[in-house]
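Asker: Pasting a structure here, questions to come.
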C-alpha cells in the first residue's frame, strides 16, 4: 500500500531528477536521457500533482508550462538600478576608457573580464529562500515589467537553487532567441499567415511580453547570466570572474566564452575573434562587454549618470546599406525644437527593416549635402539607431531637391524661429499641440512629478480625446472620465487618481523640473528651489538675481524669464495652484541665500554619527554643493566617518582635502568657504 510519505518522497525525487536533467539539457547541452525518458518522468510528476495538489511547489518543473493569461503586467521596483553601459566604437575609445579607469584607481593594477554582448532582453531574477519569486525586465533601470510567469517557462532559468546560495539575491542576465529557434519561429508564423519577426531580439522581447505565458513556453528562449545584482544573508566572491563561476555552480547558465585578461592586448584579441566570427555563433552578438574584475574597484569607480564607470560595451562596426531617401519629415519636440527625420525606401540592414533614420538639424543635412531623392548610405549606429552617413552622389539624376526647414510649424502653423548662435529651429507657439503632449509626458515622468500609472499611451489618449490639454488638466481628472476610456478598470483608475493626489506634495524642485523650462535639468531645479523657495519668487526673479547662482549664464537666465513671461505657462501654473499642488518650500530662506557650498563637490566615505548618508548629501545639495560617489581631481572635500573605505586612500593620492565629521558640520554651518 502506498503511503502519503511514499508519495511525498517520490514527488521530491522526481523534482530533483527532472531539475538535474533540465540542467544537463538546457545549460550544459549534455543530456543523459532521451526526450521520451524525460517526458515520462515529467508525466509521472504531473500525475502525482494532479492526484495530490498539495504536493505542487513553486519550484516544481511542472510550473514551467505557463499559467493562465494575466490582465496586465505589474511593475517591479529594482532595489539597485539596472544601469546601461557606455559604448566604444573603436579601439581608441576603448583605450580612452581604460586610461580613465586607471586614473581613477591611481594606477593600481586591475584585471579585465570579457564576455560577448548578447543581443537580447535584459532581465533581473530575484530568489528568496532559494526559490525564484520575481522576474522583471530592465524597464527604465529603476522599474521594470513583472514577467515572472514568462521567465519561469525558460528551461535554463533555475526555479530553485542549492542551499549554499544566499537567502535572498538577484541575478541579471540576457534572454535571447537562438538563430535556429528564430528561423523555426518565423517559418511557423509564415505558415500561419502571420508577419515574421524582424530579428531575434524583437522576437525574444515579444515572447517575454506575452500576456499568456503558455505562448512564451512554446518559444525556444534561452538565457546567459551576466552578473549578480545584489545579495543578502550570504558571502559572495570578491571578483566578477569568481562570481560568474560561483553562479554557474548554483545552476545558472553563463556564457562559455567568458575570459579574463591582465591588459588590453588580450582584450583586443578577444574582440577581434568575436567580431570576425560573429556569423558562426548560434546566437546574435553585437559586441563585447569589458568589465573591471575587482568588485572593490567597481564600487570605488561607481557610476556616472546611468552608466557604470567600471564597464564598457565595445560594439562591432555598424552594418551599412544603401537605399533611396524618399522625403524628409519634421516633428516638434517638448521644447518646441523641430527635429528632421529621413523617410526611406525600406531596406534590410543587419536583420532589421529600416524605413526611417535620424537627421540632426538643417545645418548637418546641408553639411553632408543630403538631398531628397538621393541614394543614401544608411547605417545602424551602434547596431541600434539608424542614421544617414551621406549621399551616393554618383547616382544623382538631377531631380534631387535641397531640403530647407519649414517657415511655419508643421503642427500648429506658427512662425518658426532660429535662435542666434544655435543650430536648431524652434516653434514660436508655446501652446503648440505637439509641444503640449510632450510636456505632459515630461511632467508625469519619474524625475519630475512621478505620477505612476500615467504613461505615454494614456497621455496620448487623454490628449487626443481633448480631456487633457496641458499638465494642469491632469489634476481635474475624475473617476467618470477615466472609466469612459478604453481598457480602464476601476482598480487602475483608483491607482491613477491616488498617484495624482500624492504628486501634489512633491518637492518644489520636482515641480520646477516638471514644468519643462529649457536648460533646467533635475540638479539645476534643486538649486533654483533652494534659492527662491517658491514658484512666485522664481517667476519674478531678475536676470541679475538668477545669475548669482553657480553655473548660470545669460542663456539659462533668459530661458527662465522667457518661460514665466508666456501667458500659456502662467495659466498652467495657476491651474496647478488651484488644484492644490505645492508651490513653495517652507525652509529658512536666509540659509539658502548664503549658498555656502556653491561650486563645491563632496564625497562621503565611512559612517557619520550625527547624519545618515542621505541626510548629509541632502544638506550639501541644499547649500548649492554637489554630492558625488567617486573621488577625482575635481573633488573639493572627502568627508571621512567611521570605517572609511578606499576613497580615503584615493583622496590622499590625489591631494584632495580630507575633513572629519566635526569639520564637515562646521562647513555646513559657516557663512562661507575659502577657496
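The values are calculated or read from the model by the stated rules, or taken from the named source; none is laboratory data. Predicted model only: the values in this text are computed from it and were never measured. All Cβ positions, glycine included, derive from the backbone under ideal geometry; neighbour counts span all protein chains shown.
Asker: Hey, can you tell me all the residues within the stretch 190-226 that are assigned to a helix (DSSP H, G or I), farther than 29 Å from residue 114 by Cα and free of Cβ contacts under 8 Å to residues at least 40 places away in the same chain?
Answerer: Once the filter is applied, which keeps residues that are assigned to a helix (DSSP H, G or I), farther than 29 Å from residue 114 by Cα and free of Cβ contacts under 8 Å to residues at least 40 places away in the same chain, the stretch 190-226 yields 190, 191.
Asker: Of all residues being over 18 Å from residue 444 (Cα atoms) and touching a helix residue (DSSP H, G or I) at 6+ places or on another chain (Cβ under 6 Å) in the stretch 510-530, which is surrounded by the fewest Cβ atoms within 10 Å (Cβ to Cβ)? Just the residue, please.
Answerer: 519
Asker: Please go through (1) surrounded by fewer than 17 Cβ atoms within 10 Å (Cβ to Cβ); (2) within 26 Å of residue 111 (Cα to Cα) for residue 167 and return the number of the only condition it doesn't satisfy.
Answerer: Just one mismatch for residue 167, condition (2).
Asker: Follow-up question, since we're still on this one. Output the residue which, of all residues in the stretch 125-146 that are surrounded by 18 or more Cβ atoms within 10 Å (Cβ to Cβ) and more than 19 Å from the chain's Cα centre (by Cα), is modelled with the lowest pLDDT.
Answerer: 130
Asker: Take residue 585 and decide whether it is modelled with pLDDT under 85 and assigned by TED's automatic domain parsing to the domain that holds residue 546.
Answerer: yes
Asker: A further question follows. Restricting attention to the stretch 630-647, which residues are surrounded by fewer than 17 Cβ atoms within 10 Å (Cβ to Cβ) and not in a loop (DSSP other than H, G, I, E, B)?
Answerer: Passing the criteria: only 642.
Asker: Would you check which residues across the stretch 417-433 are out of contact with any helix residue (DSSP H, G or I) (no Cβ under 6 Å at 6 or more places or on another chain) and surrounded by fewer than 20 Cβ atoms within 10 Å (Cβ to Cβ) and list them?
Answerer: Taking the stretch 417-433 first, the residues out of contact with any helix residue (DSSP H, G or I) (no Cβ under 6 Å at 6 or more places or on another chain) are 417-422, 424-429, 432-433.
Within the stretch 417-433, 417, 418, 419, 420, 421, 422, 424, 428, 433 qualify.
Asker: Have a look at 174, 187 and point out the one that is closer than 23 Å to residue 279 by Cβ and assigned to a helix (DSSP H, G or I). Full working, then the answer.
Answerer: Working: 174 fails: assigned to a helix (DSSP H, G or I).
Checking each option against the conditions leaves just 187.
Quick grid of which residues meet (1) in a helix (DSSP H, G or I); (2) under 22 Å from residue 166 (Cα atoms):
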{"position": "83", "(1), (2)": "no, no"}
{"position": "87", "(1), (2)": "no, no"}
{"position": "94", "(1), (2)": "yes, no"}
{"position": "107", "(1), (2)": "no, no"}
{"position": "123", "(1), (2)": "no, yes"}
{"position": "134", "(1), (2)": "no, yes"}
{"position": "145", "(1), (2)": "no, no"}
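Asker: Also: Regarding the stretch 336-344, can at least one residue be identified that is exposed (fewer than 15 other Cβ atoms within 10 Å of the Cβ), part of a strand (DSSP E or B) and in contact with a strand residue (DSSP E or B) (Cβ under 8 Å, 6 or more places away or on another chain)?
Answerer: Checked against the condition, which is being exposed (fewer than 15 other Cβ atoms within 10 Å of the Cβ), part of a strand (DSSP E or B) and in contact with a strand residue (DSSP E or B) (Cβ under 8 Å, 6 or more places away or on another chain), the stretch 336-344 yields at least one hit.
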